[in-house]
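See structure below.
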Amino acid sequence: MIGSYIKTSGRNLMRNKLFSFINIAGLAIGMSVGLLLIAFIFDLRSYDRFHEHGGRIYRITSVLTKNREQSGKFATTSVKTGKLIREKVTGIEDVAILHNDFSQDAKVGDHILPIKGFWADPSLFRIFTFPMLEGNPDTALKEPFSIVLTETAAKKLFGNQSALGKSINFNALYYRVTGVVKDVPFFSHLTFEALVSLSTAEQLNRSNHNFDTWTNLSSSYVYLRLPPSADRTAIQSQLDAIARTENLAEENTKIQLELLPLYQIVVGENHRPSEGGSGSVGPHLPPVVLWILGGLAFVVIVSACFNYTNLSIARALRRFKEVGLRKAIGAGKSQVQQQFLVEAILISLASLLLSFCIFLVLRPLLINLAPEMQRMVKLELTPSRIAAFIVFAVIVGVIAGLMPALFFSKVSAINALRNGSAPAHRSLKGFKYLTLRRALMVVQYTLTLIFITTTAIGYVQYKNILAFDLGFNTENILNIPMQGNQPDALLKALREMPEVTGLSRSLIVTSIGNAWGGFMKYKDSRDSALVLTNNVDETYLPLHEYQLIAGGNFRARPTTASAATEVIVNQQFLKRFNIRANDPAKAIGEQITFSNFRTNGRKMTIVGVMKDFHYGKVENRIGPVALMFWTPEDQATLNVKIKSTDLRATLARIESAWKAIDRVHPFQAQFFDEAIEEAYSEFSILIKIIGFLSILAISIASMGLFGMVSFTTETRLKEISIRKVMGASASNLVYLLSRGFLVLLSISALIALPVTYLFIEKVVLTNFPYHTPVQIAELFAGLLVVLLIAVLMIGSQTMKAAKSNPAEVLKND
C-alpha cells in the first residue's frame, strides 16, 4: 500500500511541475531555518555534557539585598561561602572553589607568554572531568605556588619536553608545574590555560582582609557535586541557615544563596557582574532568546506549510475525480488521508535535500555574524543531528499535508464524479466567500508584513542608538588598555606625536556595558546605595567634553588609592541622597563615604557636579555616578584624542610605540565609536536575523502568490477570452484578476501594521527608556516593498492571460 502511495504521489508531482517546484522550494527555504535552529540548540545543549557527573553538579549563586532593596542575582559568591559549605553542609559529595582573576605573564627562560586561568582547590578535579595527562589530580593543586597547565599551554612554554616539575616565573615568583591536563573542550563554560592552587591566592592576599569575607562577591565561584539521591530542599535549607547566620553580622547587606544546575549556566537566567568583579564565566544565552528564535523559525516554516496547503486546495478542482475514483473502488477516508500525507512527506524529504544545501551556505554566515557567535557555537554535523533533520522533515511534511488530507478525505464520491468537478467544488461549504485558502493567504502575508516592518523599525532604532547623545564626546577617541603596564612610557611617546591632540587615563571605558562601583552614603546616614564609578585623571573631563555645572575638576594629585579623597558626581547622585535639596552649587564640599571590595569607609569630598550622562548602555536608566581620581594602583586605559589625515599611518605609529614598551601582549586599541557599535552587536545580530527571515518569508509568500495567480488565471482563461471578445480591455482584465489578491493584501496590512506598532511601542521599546518614537515611514516601508513584489507577481501573470488570443482558447468549444 505504501509503495502504491509513493508511486501515485511521484506521478502527481511530475504531472504538476510548477506547483511541485513552488512547494519544494518554499518548504526548503523554510526548513533551512529549522535546520539552523536545530543545530544551534544541539550546540547549546552540548555545553558541559562531557563531565561524568554533570547532572549532579551545581553552582552557588548569590542574591544580594542592600538596604532592603534587591541589587540583583550574581553568578559569583565568596570564598568564605565555599569554606562554610564544606564545613557545615551535609548531604553533598564535594565542594570546589574557583577564583577568577589569574591573568599574568609566564616567563620561562627568555620566553614570555600571557596565561589566563583560575585559582582553584584540589577538589576541582573530583567534581569536573578534566582528564590529567601528567601529575596526580588529588595533590596537583594542594601546595602553594602549584600550577596545572593545559596541554597547549605546556607545549607553548616548554615545547615537546615534559612540563611536570618545571618552574614558571610569574612576577618574580616561581610556580612549580604539578600537572598537565587535556585542553578544555569547546563546549565548556569554564575555559582556562592554567589552574593555580587557591592556597597561593590566599597567601598572596594575606594582607587583604576583604579577600575571604562573606560579602566579597567580586570573582569567586563555588561548585557542588550532589549524590544521586540528594535532597535539594534539605541542602537549600542548610544554605539558608548559613546565610542567616552570616547576615547577622552585616548591618545593611544581606546575601541569599541558591543552587543553579550546571546545565542551566549557559542557557539560563542572566547574572549581573558583581561590584568590580565578574558575571557568569563563559558564554551565556537567555532562554527568551531561544524562544524568540524558535518562534521566528516556526513562523517561517508555517508560512511554507501554508503555501503547500493553499496550492493543494487550489488544485482541488483537478483532483476531485481522482479522489472520487479512489472512493468508488473502496478507499476509505484513512486511505485518502494516507495518500496525501505520503505525498506531502515526499515533498518535504525532497525539500530537505535542498534545505540542507542552503544550510551549508548559511552556516558560516551565521557563525561569522559576531565574535560572540564564533565562541559559542560550531554548528557541525553529527549523526544525531542528521537524524534530527530527517525527523524534522517528516514532521513538516505531516503538518503541511494534514489540512489537504482532511480536506480531500471528506469529498463525496458521487459529487466528485457527477458532471465534472465544478459542482463538487460548489458542494463544499465554506468556500463561497472567505475561503480557507484566502484566510491562509491573509495570515501568511500578515506574518510577512510583521517581519519586514519589525526589521525596518529595528534598524532605525539601532541607528538612533549608535547616534544617541551620551552626554559626552566620543569622536576620534582611541582607547588603549595597558594590559598591566604602567602608562607613563607610552604617554611620553604619544605626546611627541603631532596627530595626538589630547590624552587622559581611566580605569574603564564607560557606556559600552563595563561597570565598576561600590556603595556610598551621605555623611553619617545609614542609607547607602550602589554607585557606579570610574577612576580618571585631571584631563579626562575636558578630553571627553563632560559638562560641569558646579565646582571644578580634580585639584589634588594623589599617588595611592587611599589618598584619593576627591569625587565628582552627577545630578542623579544628588537626587539619590538628597544632598542640599539637589542644589549642585551647595553640594560642593559635602562629604560622602565610599566602600567597595578594596576599601571600607573612605571619606571623600564632592569637588564637582557634572551633568547626567550615560555611564551604562542606552537601555539602562541614568543612575548615580561618581568619578574618582586615577592612581598608579589602578589598571589603566589610555584615552587618546586623534586628529589625522592618514589614520592608518597614525595607528601604525602608535602600535610601534606600544611594541617598544611591550613585546609580549598584542596591541589592543579601539575607537570609542567602534566600541559602542560592538557593545550593541546583539541588537545588530538580531536585526540581521529578523531581516534575513523577512527575506525568506517574502520569498516564500511571493512563490505562493505566484502559484495561486498562475492557477487562477489558468482556470479563468475561457472567462478572460469571452470578456475580451465582448470588448474588455487589458487593463480591465488585469484589474479583474488582481482585485481579489490586492484585497487580501490590504486586509493583511490592516492587521499587521497596528499589531507591529503596538508590539514594538508598548512591549519592546518599553525596555529602552530613551528610545525615539516609531515613525509612519518605518511602518509603511515594509508594506510598500511587499506590495511592489506582489504587484509584479500578479501583474506578470495577469498581463500574460490578458494578452492571450481568444480564438486559440475558444476554438475547441
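The values are calculated or read from the model by the stated rules, or taken from the named source; none is laboratory data. Given the structure is predicted, the values throughout are model-derived calculations rather than measurements. Note: ideal-geometry Cβ built from the backbone for every residue, glycine included; neighbour counts use all protein chains shown.
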Q) Among the candidates SER103, SER123, which residue alone is surrounded by 17 or more Cβ atoms within 10 Å (Cβ to Cβ) and among the hydroxyl-bearing types (Ser, Thr, Tyr)? A) SER123
Q | Qualifying position, being surrounded by fewer than 17 Cβ atoms within 10 Å (Cβ to Cβ) and over 50 Å from the mean Cα position of the chain (by Cα), among VAL755, VAL725 | A | VAL725
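If the requirement is being of a type in the set (Lys, Arg), modelled with pLDDT of 90 or more and not in a loop (DSSP other than H, G, I, E, B), which of these qualifies: ARG385, ARG375?
Just one listed residue meets the conditions, ARG385.
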Q: Kindly state which strands (runs of 3 or more DSSP E) lie completely within the range 459-526 and contain at least 2 residues that are of a type in the set (Asp, Glu), under 25 Å from THR599 (Cβ atoms) and at pLDDT 95 or above.
A: none
**Q.** Sole exception among (1) free of Cβ contacts under 8 Å to residues at least 60 places away in the same chain; (2) over 17 Å from THR200 (Cβ atoms); (3) surrounded by fewer than 22 Cβ atoms within 10 Å (Cβ to Cβ); (4) polar (S, T, N, Q) for THR139, by number
**A.** (2)
Q. So which residues in the range 728-752 are loosely packed, with under 14 Cβ neighbours inside 10 Å, part of a loop (DSSP other than H, G, I, E, B) and not hydroxyl-bearing (Ser, Thr, Tyr), if there are any at all?
A. none
Q: Output the residues belonging to the range 84-117 that are part of a loop (DSSP other than H, G, I, E, B) and closer than 18 Å to LYS166 by Cβ.
A: GLY109, ASP110
Q) Only one of ILE480, ILE508, ILE457 is of a type in the set (A, V, I, L, M) and in contact with a Leu (Cβ under 6 Å, 6 or more places away or on another chain); which? A) ILE480
Q.
Take the conditions closer than 30 Å to ASP662 by Cβ, at pLDDT 95 or above and under 32 Å from the mean Cα position of the chain (by Cα) and apply them to ALA96. Does it pass?
A. no
Q.
Taking the conditions exactly as written (surrounded by fewer than 22 Cβ atoms within 10 Å (Cβ to Cβ), within 30 Å of ASP43 (Cα to Cα) and at pLDDT below 95), does LYS182 satisfy them or not?
A. no
Q. Within the range 573-615, how many residues are in contact with a Gly (Cβ under 8 Å, 6 or more places away or on another chain) and among the aromatic types (Phe, Trp, Tyr)?
A. 4
Q.
Among the residues of the range 653-662, are any touching a residue at least 60 places away in the same chain (Cβ under 8 Å), surrounded by 14 or more Cβ atoms within 10 Å (Cβ to Cβ), of a type in the set (Val, Ile, Thr) and assigned to a strand (DSSP E or B)?
A. no
